[in-house]
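Q: This is the structure I want to talk about, given as structure tokens.
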Amino acid sequence: MSAAFDVLVIGGGAVGAVSAALLSDDRQRRVGLIDLKRPQMPDADSDFDPRVVAISPGSRNILSAVGAWQAAPPDRLAAFTRMSVHSGSGSIEYRAAEHGLPCLGWIAEIPTLAAAAWSALETAGRVELLAGSRLENIDFGRDRITLTLADGTRLTARLVVAADGARSRLRRLAEIETDSWHYNQHAVIAHVECERTNPGQCWQRFTDDGPLAFLPLPDGRSSIVWSLPSEQARQLQGAGNRATRRALNRAADDLPFGRVVAVGQVYALPLIRRQARSLVDGRLVLAGDAGRTVHPLAGQGLNLGLLDAAALAEVLDDWTPRQDPGESLARYDRWRTSAGAMVANGLHAINELSAERTGLGRRLMGLGFAAGARLWPARELFVQRACGLDADSPRLARGQNGRSAA
């Protein structure tokens, strides 16, 4: 069996599904999405998945444009209107209303977003969904790429989008080199119950051991992300509920929701910063974690990927399959490499400063927070960028329907 496509997207997570939806907006393009399995919406009575992410208003605009946000169950989304960050004796707080926003973002489960995006694709019916398909081989031609699936099916495409995650197989097959930084940290994640419900606030403290964040869940609990030295994280993972509660309460003794009284299952995920040296190789494009991974302390990972999807659609707005997309893809490469590096470098610098052993770095950050709290232009600029609403964000993220190249 063989088939010819204009665009094939490999990887059916939220970034891949949204990329396929946006690139199929022109009905003259034949677009396919390949993944091993179709993401499933969680049962209504199931507990919240530990893999949660902060979705910015800009990312919500992108998800809404393809119908994915509308397909996500509202009772599995938690809006947050306040965000406070503490280091040393200094702190800074942001309130959505002060910046003319209904909220600063939403906490959502990553699997739920992926399932909602697939549901939107099925409703629209413009993308051919190839669930259950595994990529076996790929041949990079000058004007098209040929993919062979495990069952022998051969597919050709004039453009292939690799959205297959941090360990992207397509990136490796294309021999695109990456620069990596192993933080020697693990992110400890769990859902916790406090003495008082979380009313919709993201709270973060740079502790002596690493940044600790409490993120609101729809049922009033919080999801924690604590970046710890790897050995310490593994010890905490196996420490048991009582010991984990004690560690959290020592680190977050000024938590506005009171003390932690219950801890769910604890997971520990290794933290590695990666950056592909190019997001484009011929007619292959990297998007999302396939192109870069960043430290989770500001929750920007999936947001960067969704901005990639919107930016790619924007630069390819006028592209037809008979044309060479090289110039448009070069603009995408410059745009998203620069934007991603700005975020990644900033998060890297903050993490390294906070990890300074004497505590001087955390004290300096606290002083910076105290000063920044009084500088309104800096606060506004930060909120616009963090929310994906600044001038460098794709037009779709800023709520503008028309698309034009950056």
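The values are calculated or read from the model by the stated rules, or taken from the named source; none is laboratory data. Remember, predicted model here, so these are calculated numbers, not experimental data. Methodologically, a virtual Cβ is constructed for each residue, glycine included, from the backbone with ideal geometry; neighbour enumeration extends over all protein chains shown.
Q: Look through ILE176, ILE224, ILE189 and report the one residue that is surrounded by 15 or more Cβ atoms within 10 Å (Cβ to Cβ) and in the same structural domain as ALA114 (by TED's automatic domain parsing).
A: ILE176
Q: Filter the stretch 186-229 for residues that are among the polar types (S, T, N, Q) and either farther than 25 Å from GLY88 by Cβ or within 21 Å of the chain's Cα centre (by Cα) (or both) and give the result.
A: THR197, GLN201, GLN204, SER222, SER223, SER227
Q: Out of ASP45, ASP49, ASP6, ASP25, report the one residue that is without any contact (Cβ under 8 Å) to a residue 40 or more places away in the chain and not in a helix (DSSP H, G or I).
A: ASP45
Q: Provide a single number: the residues in the stretch 238-296 that are small (Gly, Ala, Ser), within 30 Å of ALA309 (Cβ to Cβ) and in contact with a His (Cβ under 8 Å, 6 or more places away or on another chain).
A: The total comes to 1.
Q: For ARG379, work out the one condition from (1) assigned to a loop (DSSP other than H, G, I, E, B); (2) at pLDDT 80 or above it doesn't fulfil.
A: So the condition that ARG379 fails would be (1).
Q: On the basis of being farther than 18 Å from ALA287 by Cβ, in contact (Cβ under 8 Å) with a residue 24 or more places away in the chain, assigned to a strand (DSSP E or B) and hydroxyl-bearing (Ser, Thr, Tyr), does SER180 make the cut?
A: So SER180 passes the test.
Q: Then there's this: Give, as residue ranges, the strands (runs of 3 or more DSSP E) completely inside the stretch 200-287 that count at least 1 residues that are out of contact with any Ser or Thr (no Cβ under 9 Å at 6 or more places or on another chain).
A: Fully inside the stretch 200-287 and qualifying: 222-229, 260-263, 267-276, 284-286.
Q: Just to be sure, is ALA262 surrounded by fewer than 15 Cβ atoms within 10 Å (Cβ to Cβ) and free of Cβ contacts under 8 Å to residues at least 24 places away in the same chain?
A: When the stated conditions are applied, ALA262 does not pass them.
Q: Something else: Scan the stretch 255-270 and give yes if some residue there is in contact with a helix residue (DSSP H, G or I) (Cβ under 9 Å, 6 or more places away or on another chain), charged (D, E, K, R) and not assigned by TED's automatic domain parsing to the domain that holds ASN351, otherwise no.
A: Yes: one or more hits.
Q: Of the residues that make up the stretch 299-319, is at least one out of contact with any strand residue (DSSP E or B) (no Cβ under 9 Å at 6 or more places or on another chain) and in a loop (DSSP other than H, G, I, E, B)?
A: yes
Q: Please specify each residue of the stretch 138-168 satisfying the condition of being out of contact with any strand residue (DSSP E or B) (no Cβ under 7 Å at 6 or more places or on another chain) and crowded, with 16+ Cβ neighbours inside 10 Å.
A: GLY165
Q: With the structure loaded, tell me whether ARG363 is surrounded by fewer than 19 Cβ atoms within 10 Å (Cβ to Cβ), in a helix (DSSP H, G or I) and in contact with a helix residue (DSSP H, G or I) (Cβ under 8 Å, 6 or more places away or on another chain) or whether it fails that test.
A: Against the criterion (surrounded by fewer than 19 Cβ atoms within 10 Å (Cβ to Cβ), in a helix (DSSP H, G or I) and in contact with a helix residue (DSSP H, G or I) (Cβ under 8 Å, 6 or more places away or on another chain)), ARG363 does not qualify.
Q: Can you find a residue in the stretch 125-137 that is among the aliphatic types (A, V, I, L, M), surrounded by fewer than 19 Cβ atoms within 10 Å (Cβ to Cβ) and without any contact (Cβ under 8 Å) to a residue 40 or more places away in the chain?
A: no
Q: Out of all the residues in the stretch 28-46, which are more than 22 Å from the chain's Cα centre (by Cα) and either among the aromatic types (Phe, Trp, Tyr) or surrounded by fewer than 17 Cβ atoms within 10 Å (Cβ to Cβ) (or both)?
A: GLN28, ASP43, ALA44, ASP45, SER46, listed by residue number.
Q: Further, regarding this structure: Please indicate, with yes or no, whether at least one residue in the stretch 387-406 is surrounded by 12 or more Cβ atoms within 10 Å (Cβ to Cβ), of a type outside the set (Val, Ile, Thr) and assigned to a helix (DSSP H, G or I).
A: no
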